[in-house]
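Enquirer: First the structure, then my questions, so here it is.
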Amino acid sequence: MGLLSDPNRRRALINLLTRLNAPICGMPVDWLVKTMQARGLEVFTQSFSRTLPFPDENKERYMVKGTNVYGILRAPRAPRTEALVLSAPCSLGDNNNQAVGLLITLAQYFRNQIYWAKDIIFLVNEHDLIGMQAWLEGYHHTNTTGMDWSPLQGRGGSIQAALSLELSSDVITSLDLVLEGLNGQLPNLDLVNLFYAFCQKIGVVCTIQGKLQKNDWDSLSGYSHAVQTMMLMVLKQASGRPWGDHGLFLRYHIEAATIKGINSLRPYKTDATTIGRLLEGMYRKLNNLLERLHQSYFFYLMPSLSHFVSIGYYMPAFGLLAVILLLRALDLWVQLATPPQTEDGVADIDQSSPGVLSVLTPLVISHATGVALYTLPIRFQEMAVEHFPVSETEAVVLTAITIYTAGLALPHNTHRYMPGTLLKLVSVLYLAVLLGCTALINFSLGFILAITLVPVAAFITPHVPKVLSAFILVILSPACTLLFSVFFFQELQEMPISFQDGLLLYLSVISQGVLDHSLYGSLVYPLISLLVYPCWLLFWNILFWK
């Protein structure tokens, strides 16, 4: 662990970081290429472009063009069939110049070592996730998002692990580990343990979800702090979006995480040399891997960096909610199997045996509404902009809200001989299968949906009070669940906002969900619009069954 022990190397790092702090317009591609080549790397560039389906008002971009720069340090002691990646996003301004400078310095230091058994790729990607998506698609010869990119001229071995470095301030007080990836995927727990072990060894203050672990773990305040940290992870995972550049690596079964250096105004300071020692230690450990990380958990929740909740503990909670649906379905099946009695005590066979096809009409109408919610907001944005004084992004969000609200006016009596029992049986079984499949892909999303939709499936019948039940049904709808989650997330982050700001953030979250699906392949938006919302409409239909 002799990184930067030489005063000359330390002085060179300081000079490099000072030059990088100068304001720049775009990414300095030529400078990066020359600097990496001077460090003895094989340097290549990749250009890419992408036109967004509608402008991203959060980052003020629509037609995105950029260049990725990466250098490959070839392994001197192995056949070069495996590789590790260290990346740093670089965009307008000087938001992450510290990380880029540290990456280049590490490249120079790694170049002078002879123990590397894997190729090490140093990647500086432009336009954060979009640039990373282009590079990964080019590296693996896939194109799942329709992005235009130039083929990679240089390639290393099969990527075993990756780390993304983000330093948001010149003064770093702690390192925050970001784990949540695309569609709720998480890296192997061994990567988390590796980061935590080296932080403890070097003496670096480390956090998760931006929260520092309390020493009084067994106290009431300690438990409360752990629950808040774990709920933050649940909400982030349920969003399905990648919370760092590492989130796109997980799609290719590459264990990855993002390390964020933050200035949290704590009485600690961590210099670039210490962060470099941490990264050097982690990469030397990953360099010794004989196989991919797979011995530990892939499904877990983190109340702190030193504790985790495995799938064997939190999955039974979801199972108990699913049992409610199965018991309710069994009760409805028994009701259908028992023919109703007439006044003379004779079973009315005609009324007791409606065909299964009689539920086809509400199913088709509900799912047609879901298809409209999925396809029309983007397709009708130009028409909405022409007729209303709104931007393209506002047009997409408002069109989605309009279609969502219009679904409440669906016809509620499509077959005069069909009791609501059969439709509810189909709806309950549909919901049980939907939640089960969702929990297997993204437990946090499946659990949140189960908490809100299982009570609806349990008590909604055509015979309950209409007004009160309709109010409860709307409160527990997917749209309101998202609204409550936005405010709850801000409270957990200790950044409460007003109701008006919360509504604006809510609209922004909707637009970001549509963009994440179009740009990176997030499944949350199509899942909600094509499956969850139609299923909720079926229960809305049951409530107003005449």
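Enquirer: Give the residue that is most open to solvent (accessible area, probe 1.4 Å), with candidates limited to residues of segment 156-199 that are modelled with pLDDT under 90 and in contact with a strand residue (DSSP E or B) (Cβ under 8 Å, 6 or more places away or on another chain).
Expert: The residue in question is Ser168.
Enquirer: Let me ask something else about it. Which residue pairs have Cβ atoms closer than 6 Å, lie 6 or more positions apart in sequence or on different chains, and pair a first residue in segment 37-50 that is surrounded by fewer than 17 Cβ atoms within 10 Å (Cβ to Cβ) with a second residue that is in a strand (DSSP E or B) and among the acidic types (Asp, Glu)?
Expert: Ser49/Asp148
Rundown of residues vs (1) touching a Phe, Trp or Tyr at 6+ places or on another chain (Cβ under 7 Å); (2) modelled with pLDDT under 90; (3) buried (at least 18 other Cβ atoms within 10 Å of the Cβ), yes/no style:
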residue	(1), (2), (3)
Asn287	yes, no, yes
Phe299	yes, no, no
Ser306	yes, yes, no
Val346	no, yes, no
Ile349	no, yes, no
Val356	no, yes, no
Ala368	no, no, no
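Enquirer: Sticking with this one: Among Phe318, Phe299, which is the only one that is within 22 Å of Leu182 (Cβ to Cβ), out of contact with any Leu (no Cβ under 6 Å at 6 or more places or on another chain) and in the same structural domain as Phe447 (by the TED database)?
Expert: Unique residue meeting the criteria: Phe318.
Enquirer: Looking at (1) of a type in the set (A, V, I, L, M); (2) part of a helix (DSSP H, G or I); (3) free of Cβ contacts under 8 Å to residues at least 60 places away in the same chain; (4) open to solvent by 20 Å² or more (accessible area, probe 1.4 Å), which is the only condition Val486 fails?
Expert: Of (1) of a type in the set (A, V, I, L, M); (2) part of a helix (DSSP H, G or I); (3) free of Cβ contacts under 8 Å to residues at least 60 places away in the same chain; (4) open to solvent by 20 Å² or more (accessible area, probe 1.4 Å), only one is false for Val486: (4).
Enquirer: What residue, among those in segment 434-461 that are surrounded by fewer than 18 Cβ atoms within 10 Å (Cβ to Cβ) and closer than 10 Å to Leu325 by Cα, is modelled with the highest pLDDT?
Expert: Per the criteria, the residue is Pro455.
Enquirer: Those residues that are closer than 25 Å to Arg292 by Cβ and open to solvent by less than 30 Å² (accessible area, probe 1.4 Å), I need them from segment 200-216; list them, please. Can you show your working first?
Expert: Step one: list which residues in segment 200-216 are closer than 25 Å to Arg292 by Cβ, which gives 200-201, 206, 208.
Residues satisfying the conditions are Cys206, Ile208.
Enquirer: Taking segment 379-403 only, how many residues are among the β-branched types (Val, Ile, Thr) and surrounded by 19 or more Cβ atoms within 10 Å (Cβ to Cβ)?
Expert: Residues flagged as among the β-branched types (Val, Ile, Thr) and surrounded by 19 or more Cβ atoms within 10 Å (Cβ to Cβ) within segment 379-403 amount to 5.
Enquirer: Hey, another quick one. Regarding segment 506-516, can at least one residue be identified that is within 27 Å of Ala372 (Cα to Cα), open to solvent by 30 Å² or more (accessible area, probe 1.4 Å) and not in a helix (DSSP H, G or I)?
Expert: no
Enquirer: Return the residue satisfying two criteria in turn: it lies in segment 200-225 and is in contact with a helix residue (DSSP H, G or I) (Cβ under 7 Å, 6 or more places away or on another chain) and within 18 Å of Ile259 (Cα to Cα), and of such residues it is modelled with the lowest pLDDT.
Expert: Lys211
Enquirer: Which numbered condition in (1) modelled with pLDDT of 90 or more; (2) part of a helix (DSSP H, G or I); (3) more than 21 Å from Thr452 (Cβ to Cβ) is the only one that Leu326 fails?
Expert: Going through (1) modelled with pLDDT of 90 or more; (2) part of a helix (DSSP H, G or I); (3) more than 21 Å from Thr452 (Cβ to Cβ) one by one, Leu326 breaks only (3).
Enquirer: Follow-up. Would you mind stating whether Val426 is open to solvent by 30 Å² or more (accessible area, probe 1.4 Å), assigned to a helix (DSSP H, G or I) and touching a residue at least 60 places away in the same chain (Cβ under 8 Å)?
Expert: Values: open to solvent by 30 Å² or more (accessible area, probe 1.4 Å): yes; assigned to a helix (DSSP H, G or I): yes; touching a residue at least 60 places away in the same chain (Cβ under 8 Å): yes.
It is true that Val426 is open to solvent by 30 Å² or more (accessible area, probe 1.4 Å), assigned to a helix (DSSP H, G or I) and touching a residue at least 60 places away in the same chain (Cβ under 8 Å).
Enquirer: Tally the residues that are open to solvent by less than 50 Å² (accessible area, probe 1.4 Å) and farther than 19 Å from Phe487 by Cβ, restricting the search to segment 222-234.
Expert: 3
Enquirer: Taking segment 54-95 as the search range and keeping residues that are among the polar types (S, T, N, Q) and outside any strand (DSSP E or B), which one is most open to solvent (accessible area, probe 1.4 Å)?
Expert: The extreme case among them is Asn95.
Enquirer: In addition: Do we find a residue being among the β-branched types (Val, Ile, Thr), in contact (Cβ under 8 Å) with a residue 40 or more places away in the chain and open to solvent by less than 30 Å² (accessible area, probe 1.4 Å) anywhere in segment 275-282? Show your work before the answer.
Expert: Initial filter on segment 275-282 (among the β-branched types (Val, Ile, Thr)): 275.
Narrowing the set further to residues that are in contact (Cβ under 8 Å) with a residue 40 or more places away in the chain leaves 275.
In the following step, the residues that additionally are open to solvent by less than 30 Å² (accessible area, probe 1.4 Å) were identified as 275.
Checked against the condition, which is being among the β-branched types (Val, Ile, Thr), in contact (Cβ under 8 Å) with a residue 40 or more places away in the chain and open to solvent by less than 30 Å² (accessible area, probe 1.4 Å), segment 275-282 yields at least one hit.
Enquirer: Just to be sure before I move on: is Gly240 crowded, with 22+ Cβ neighbours inside 10 Å, farther than 20 Å from Ser304 by Cα and modelled with pLDDT under 95 in the structure I sent?
Expert: Criteria met by Gly240.
The values are calculated or read from the model by the stated rules, or taken from the named source; none is laboratory data. In this text, all values refer to a predicted model and were calculated from it rather than measured experimentally. Virtual Cβ from ideal backbone geometry, glycine too; neighbours counted across all protein chains shown. SASA here: full protein model, heavy atoms, side chains in, ligands and nucleic acids out. Shrake-Rupley method; radii C 1.70, N 1.55, O 1.52, S 1.80 Å.
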